[in-house]
Amino acid sequence: MTAPAAPTEVPQDAGLSRRTLGVPAITFMIIAASAPLTVVAGGVTTSFAVTGSLGVPLGFLLIAVILAVFAVGYTAMGRFITNAGAFYAYISRGLGRPLGVGASLIALVAYNAMQVGIYGLFGFQLSMFLEAKFGFASPWWLWILLCIVVVGVLGVNRVDLSAKVLGVLVGLEFLVVIVFDIVSLNVAPEGVSTATLDPSQLFGPALGIILVFGVAAFMGFEGAAIYGEEAKDPKRTVPRATYAAVAIIGVFYALSAWAFSVGIGPSQIVEQSQTFGPDLMFVFMGEHTSVIFADIMTLLFITSLFAALQSFHNAVARYFFSLGREGVLPAWFAHTSKHGAPWAGSVAQTVIAVVVVAGFALVGDAFGAAESMFGEMAFLYPVLTMFTWLTNTGAAALVLLMAIIAAAVIGFFRKDRRGLSLWTTVIAPVVSGLALLWVFVMILANFQLMLDQEQPDATTFILPGLIFAAGIIGIVWGLVLRSSKPEVYRRIGHGTEPGAYGTEVLEVVDES
């Protein structure tokens, strides 16, 4: 039974900007996080190379179906909860506040790991490109630090500014990948074959591995709910943006992966992916178009990474904001600018990025770890460590959170389905939750493979261990708040409606 508690004063800044983002803006920010050009150049080739299977294109479609089913309950819950903390708020309301706080720390680890990890690939790619084209040798970390400044500046400004920048970059990514697809289908050394679209290529021994490597391409799709407080019409905008992003990403990646296999040839795609890796796309375009176009693609590959960096930065800033607003973290994190940007959370994420990048740079360069760990491959240090370690950890954490969310949907609608169908409140969450839990287990079972390790080492266990450690610490902190700060505890997961905080009173409901 629910009973109202005494009203609690929640002093805040003006809060996040209201009614700012429409469906296209949120959809672009979701797609930006998945980095389309990066996925096609790097993710597709890696999947072909590691799995040795031709089922990669259909794998993207299967993941899209799983996530679309997940979105049924996820977006239904979003009609009744509008909170920049998304996962944190949903799990708090569906499974209990302690689990919600645990989920909030897992989310912070996940989004920070994804964001900072991508910096490693960004710095490496830009440094290598400048050296190859202009003979200008520069340290990879220099470009990361400069990029952190740009991302931070956009992060403390109006969210629609970020949306416009990301919209332009994502549009250019789609354009260049479409050109690549057309060229691939035109070259087709073995004809326009449908060999990679044969279901038997997917539903075999490699199915689990295909999904493990493919699911990372969709990370960020769940982010629509994070922008719910800033959406023009949260109850409609968030679901539409979520479904649009899943459909666009799934179909686009599947078609591009198929076109890739046609352009190289189904009989050669696995071998060539193993030989060239992510460079295969640029080598192919250099041979069949022009060096200039290949260079343009490389530059857009770098801007693709920048778009993903900005998108994940925005997500982290809003998680900090939500947790600060509700007292889970210090209230300082809830500060926003007069334009409605969560500047305190943005600054916090920027500081985290600087500290982690500096740590990797010092260990790798100043202390010589890059040379001792990788020998002749030391120049790949930021890719083999920062990018590989952190993005895989972040992807694993987000898959786990989505599996937990599916259970939270069932818990939220358990006593009152609010007029929704059994499919929405039970069946879809059960089906998608079990599928996502299976993918998470497969990720853990193949984590050594994802880190490209011949033998497991400390990182094989420490990195996924961070996910569970964050969850446990969060649950313990939630229990501490319950006993020591009951007023704060009652606010967990409730947040406020857009713009309803400030000197206004938040009525807290105790859902026991």
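The values are calculated or read from the model by the stated rules, or taken from the named source; none is laboratory data. The model shown is predicted, which means the values in this text are computed figures rather than measured ones. Here the Cβ is made from the backbone with ideal geometry for all residues, glycine too, and neighbour counts use every protein chain on show. When the accessible area is computed, the model is the full protein with side chains, heavy atoms only, and any ligands, DNA or RNA have been set aside. Shrake-Rupley method; radii C 1.70, N 1.55, O 1.52, S 1.80 Å.
The orientation-averaged projection of the convex hull spanning the C-alpha atoms of the chain amounts to 22.7 square nanometres.
The share of accessible area on the chain that comes from carbon and sulfur is 68 percent, using a 1.4 angstrom probe. Can you give the FRET efficiency to the nearest 0.05 for residue 136 and residue 454, using r as the Cβ-Cβ distance and R₀ = 41 Å? Computed FRET efficiency for residue 136 and residue 454: 0.75.
Residues 422, 481 ordered from highest to lowest accessible area at a 1.4 Å probe: 422, 481. Estimated purely from DSSP H runs of n ≥ 4, each contributing -39500 (n - 2.57), the mean residue ellipticity at 222 nm for the chain is -22000 deg cm²/dmol once divided by its residues.
Around the amide H of residue 231, modelled in the peptide plane, lie the amide H atoms of 19, 20, 21, all under 5 Å away and 5 or more residues distant in sequence or on another chain. Between the stretch 179-213 and the stretch 265-317, what's the alpha-carbon centroid distance in Å? Taking the Cα centre of the stretch 265-317 as reference, the centre of the stretch 179-213 is 17 Å away. Taking a spot 7 Å from the Cα of residue 175 along the direction of its beta carbon, which residues of the stretch 248-263 have an amide N less than 15 Å from it? Counting only backbone N, you get no residues.
Mean sequence separation of contacting Cα pairs (under 8 Å, at least six apart), scaled by the length of the chain, corresponds to a relative contact order of 38 percent. Candidate cross-link partners of residue 232 among the lysines, defined by an alpha-carbon separation under 20 Å and a same-chain spacing of 8 or more, comprise 164, 338.
Stokes-Einstein diffusion for the stretch 262-415, with the hydrodynamic radius set to the Kirkwood value over Cα pairs and evaluated at 20 °C in a medium of 1.002 mPa s, equals 109 µm²/s.
Could you tell me the relative contact order of the stretch 400-499? Use alpha-carbon pairs under 8 Å, at least six residues apart, and round to a whole percent. Answer for the stretch 400-499 is 20 percent. Accessible area per residue for the chain is 38 Å², calculated with a 1.4 Å probe on protein heavy atoms, without ligands, DNA or RNA.
In this structure, residue 149 and residue 267 have a Cβ-Cβ separation that, at R0 = 51 Å, corresponds to a calculated FRET efficiency of about 0.60. With the crude spin-label approximation of a point 7 Å out along Cα→Cβ, what separation in nm comes out for residue 484 versus residue 369? About 3.2 nm separates the two model spin labels.
Computed from label points 7 Å out along Cα-Cβ, the spacing between residue 476 and residue 79 is 4.1 nm. Quick one, what does Rg over Rh come out to for the stretch 283-330 if you take C-alpha atoms and the Kirkwood Rh? When Rh is taken as the Kirkwood radius, the ratio is 1.44. Helix 159-187 and the longest principal axis of the C-alpha atoms of the chain enclose an angle of approximately 30°. Shown are 376, 287, 230, whose ranking by accessible area with a 1.4 Å probe and every protein chain present, most to least, is 376, 287, 230.
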